[in-house]
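Just so it is clear, none of the values below were taken in a lab; they were calculated from the coordinates. Nothing here was measured: the structure is a model prediction, and the numbers come from that model.
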Amino acid sequence: EWRVGVGDGFPGWACLRRGTVAAVAVAGAAAAGPFGNPALAASTPSATGALGILNDALTLEFLESYFYNTVAKTANLTGEAKTLAALIASHEAAHVAGLIAAIKRAGGTPVTSPTFKFPASTQKQKGFLALASVIENTGVRDYNGPGPLLMTKQNLATSRAIVPYEVRNATEIKYFTG
C-alpha cells in the first residue's frame, strides 16, 4: 500500500510511503521523484534502465489514474473543478495504456498497480486540488528528467506524448489553487 500525502513532517513536500520506506515525490527544487533521482540520471543507459524508468512512470500514472478516477468521486468537487478532474481522469487512463504498450513493445513486463491510500483532506475540494497540484507537478518534473535514458525513439515518443498533458494538467490545477 502506498500512502500519499502533502507534508508528512516535511513542510511543502509530498511523500509517497510504502511501508516504512519513503520516496520523496517533490523536494522543493530537487527533482527526487519516484524515478527522477540523481543516481539514475548519472547512470549509463541500458535497456533494463529504460524499462525501469517506464515502469516507474507507469506507477506514477497508476497513482494519478486512481486519484482522478476514484478519489475525485469522494472529494465533493463542484463546477469547473469536477469537470477538470473528469477530463484529467481520461488523460491518466490513456497514459497508463500507452505506458503498458510501450513496456510490452520493449520486451518488458509492466508493473501491476499498487494500492494507494490518500489522506482524509482529499475528501474536500480544497484538499483534493492541493494534492492534485503536487501530483501533477511531480509528473512534469519526473518526465523531464530521465529522457536521455529511455534508449529508443519509441520510448522517447511515449514520454513526449505524455509530458504536454502533465504540464497542462498542472497549469489548470494551479488555476484553482492560486
For this session: In whole angstrom, note down how far apart the Cα centers of the range 55-90 and the range 131-178 are.
Result: 15 Å
For this session: Relative to the compact-globule scaling 2.2 N^0.38 Å, provide the ratio for the alpha-carbon radius of gyration of the range 122-178.
Result: 1.32
Problem set entry | Hits among lysines - C-alpha to C-alpha of LYS126 under 30 Å, sequence gap 8 or more where chains match | LYS73, LYS82, LYS117, LYS174
Problem set entry | Compactness index (Cα Rg / 2.2 N^0.38 Å), the range 68-178 | 1.14
Problem set entry | Eligible aspartates and glutamates near LYS104 by straight Cα distance, threshold 17 Å, same-chain separation 8 or greater | ASP56, GLU61
For this session: Quick one: which residues, 5+ away or cross-chain, put their amide H under 5 Å from the amide H of PHE116? H built at 1.01 Å from N.
Result: TRP2
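Kirkwood Rh over Cα pairs of the range 42-115 into Stokes-Einstein at 37 °C, 0.692 mPa s: D in µm²/s? Before the final figure, lay out the partial values.
Details: Rh = 13.4 Å.
For the chosen part, D equals 245 µm²/s.
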Problem set entry | Karplus 3J(HN,Hα) series, Hz, for the range 154-170 with 6.51 cos²θ - 1.76 cosθ + 1.60 (x for Gly, Pro) | 5, 5, 4, 5, 4, 5, 5, 6, 8, 3, x, 5, 4, 5, 5, 4, 4
